[in-house]
Amino acid sequence: MADPSTYRPAAGTIPTRPGVYRFRDEHGRVIYVGKAKNLRSRLSSYFQDITALHERTRRMVTTAASVEWTVVGTEVEALTLEYTWIKEFAPRFNVKFRDDKSYPYLVITMGEKVPRVHITRRPRAKGDRTFGPYPQVGAIRETLDLMLRVFPIRSCTPGVYRRAERSGRPCLLGFIGKCAAPCVGDISVDDHRELAGQFADFMAGNTATYTRRIEQQMREAAAAMDYETAAGLRDDLQALTKVMEKNSVVLSDATDADLIGLAQDELEASVQVFHVRGGRIRGQRGWTAEILDASGPGELIERALTTLYTEGAAPKEILVPVHPSSREQVLELIGRPVDLRIPQRGEKKDLLATVTENAQEALRLHRLKRTGDLTARTKALEDLGEALELAEPPLRIEAFDISHSHGTNVVGSQVVFEDGLPKKSEYRRYSVSGEAARDDTASMYDVITRRLKHHLDPPEPADEEQPGFKRFAYPPSLILVDGGAPQVAAAQRAFDDLGITDIALAGIAKRLEEIWLPGDDYPVILPRTSEALFLVQRLRDEAHRFALSYHRSKRGRAMQASALDGIAGLGPARRRALLDRFVTVSAIREASEEELQEVQGIGPALAAQITAALRSEQATESATPDGLDVTVDMATGEILED
């Protein structure tokens, strides 16, 4: 009996995306397959106190020796992939889908004189257009109901159809518009067959033609002020849009393909492969490798193809994110005709994007495992200290970055790593304005100066007792700035102006991953396989991520505040107070005058003025009757745009 704690993954390594997970025993056999809306939350539930688990779950986790997962785009994809792998691996601890029952398909009987659409679990006849399988029959019934609104083809049984022919009266579906009623001649047999073909064509993925046609008809109806027709077309379009939220992990039954996803950084690459046979994902494999040369995506894909097909047989189709660098040689090596290409649209492109997401997730997990290795972290700090000629390894490193949009909403970020690990409680954000925001070097000088002033002027013990007070744990051993020689020189000016000599300074340039030191004419080049370079890259990337998130937040608030400009009596301080209270302009518009007056500085007269200004602005963006979204000229009533 295994102890689940021996193979429990760290919570931070598990993604919060939808996905499918597999427990394997000590021999590598899949013993359980499950799906989750949130992989981290679901997997964590298996590693709680073992006495609190259900008996069957307890036996499963103590039989397992490892757990792995695959991320997908939606919960529907997770459900279908779970079904596929349960049928494929027959895991001993799974209950669902183990009864060998059949699953429903949507079938259009194009072989009949008057085609009909229906849901069946039985074998399909030759000539039928078949879509599925669908793990839940409710999902396909909802799809069929939505599709019949736009493509009202026959869905009745042969007996009901013959009875309607004899009586000359259609069934209920004919009366409510969900059948074109070929039984009573409301539509000719040929036109009905064409409509059935359109139904099948849309379900096969050729959606753009029909959505564009309905959009055009909706515009024409709106322009003619036939709002009732326009609203009906709008509802048709919404129905088709809902149907188009398709499952990308199920392809057509004839599809035999390998989809190869790639993710890489300067040091490592991750490759993931989904093996699709008969339209279903039958297997997955992947690996992560160090990049020891200047290989780009083309060379990496070439090596992946060589590894996969030197000994193994290739499928009819191979889908890749980029072409291999020596395409003809690779095709010759494969030894059989294959369609090696980059998908440009449709379900195959969507599935390849899912494979690429799994490659990115595998690379992220590999990085975290390296970071969590105490030996690797220690070596990284020692190597970095030696490369920068420091007296001792830099146990605390602070990294800084600047982010802006064409010189507006300039912000700076500070991230902190202690003992090679991020310490997020010590992260800081800086808003940069005035003369300091004129360029990156001035902004860097401003941010570094503000940080170093905290170092020179530590707080009094009494200050630390104030509510909300935050302090730094201790001064950094190394300050790392994102940028090359200009950014390092700007930071050094801040050091010189404040007389700082007890903190090391360096910069990392993105282009060639060079380490720049103050006053040096040439950069320090760390080996590409160096743990020190890996650590410095993580610092740089984390500082960039943190700066970008703050910049986006500040830019969004600036856009909200701009919508309040022009309201007399509403200055910057009151605008900020309103946004602090209501967050968005939409919420301010919906608030009552009494609620607005709860904000400091807003009186009855100003509250009434704000309400009138925002609601009059909204009136110019009103919608036509029945909820059809268009822009209307309030003076003439003319519809200006869709």
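The values are calculated or read from the model by the stated rules, or taken from the named source; none is laboratory data. The shown structure was predicted, so the numbers you read here are calculated from the model rather than taken from an experiment. FYI the Cβ positions are ideal-geometry reconstructions off the backbone, even for glycines, and counts take in every protein chain you see. Please note that ligands, DNA and RNA were not included when accessible areas were found on the heavy atoms of the full protein model with its side chains. Shrake-Rupley method; radii C 1.70, N 1.55, O 1.52, S 1.80 Å.
Computed from the Cβ-Cβ distance with R0 of 41 Å, the FRET efficiency linking Asp49 to Met225 stands at 0.05.
The simple spin-label model puts a point 7 Å past each Cα toward its Cβ; for Leu548 and Ile342 those points are separated by 2.1 nm. Of His323, His366, the residue with the largest accessible area leads and the full order is His323, His366 (1.4 Å probe). Any of Lys316/Lys349; Lys316/Lys348; Lys379/Lys453; Lys369/Lys423; Lys126/Lys348; Lys35/Lys424 with alpha carbons more than 21 Å apart? Name them for me. Violating the 21 Å limit, Cα to Cα: Lys379/Lys453; Lys126/Lys348; Lys35/Lys424.
On the beta carbon distance between Thr120 and Glu194, with R0 = 25 Å, the FRET formula returns roughly 0.60. The accessible area of Asp226, taken with all protein chains in place and a 1.4 Å probe, comes to roughly 70 Å². For the pair Leu368 and Lys37, a Förster radius of 22 Å applied to the C-beta separation gives a FRET efficiency near 0.50, rounded to the nearest 0.05. In the full protein assembly as shown, how much of Thr307 is accessible to a 1.4 Å probe, in Å² to the nearest 10? Its heavy atoms expose roughly 90 Å² to the probe. Ligands, DNA and RNA excluded, the heavy atoms of Thr611 present near 20 Å² of accessible surface to a 1.4 Å solvent probe. Modelled spin labels at Asp145 and Arg589, positioned 7 Å past Cα toward Cβ, are 3.3 nm from each other.
Our note on the geometry: Cα centres of segment 568-605 and segment 397-429, 32 Å apart.
Listed peptides 187-199, 171-183 appear in the order 171-183, 187-199 once ranked by packing, highest mean of other Cβ atoms within 10 Å at the front. Between Lys424 and Asp520, the modelled label-to-label distance comes to 3.3 nm, taking each label 7 Å out from Cα in the direction of the beta carbon.
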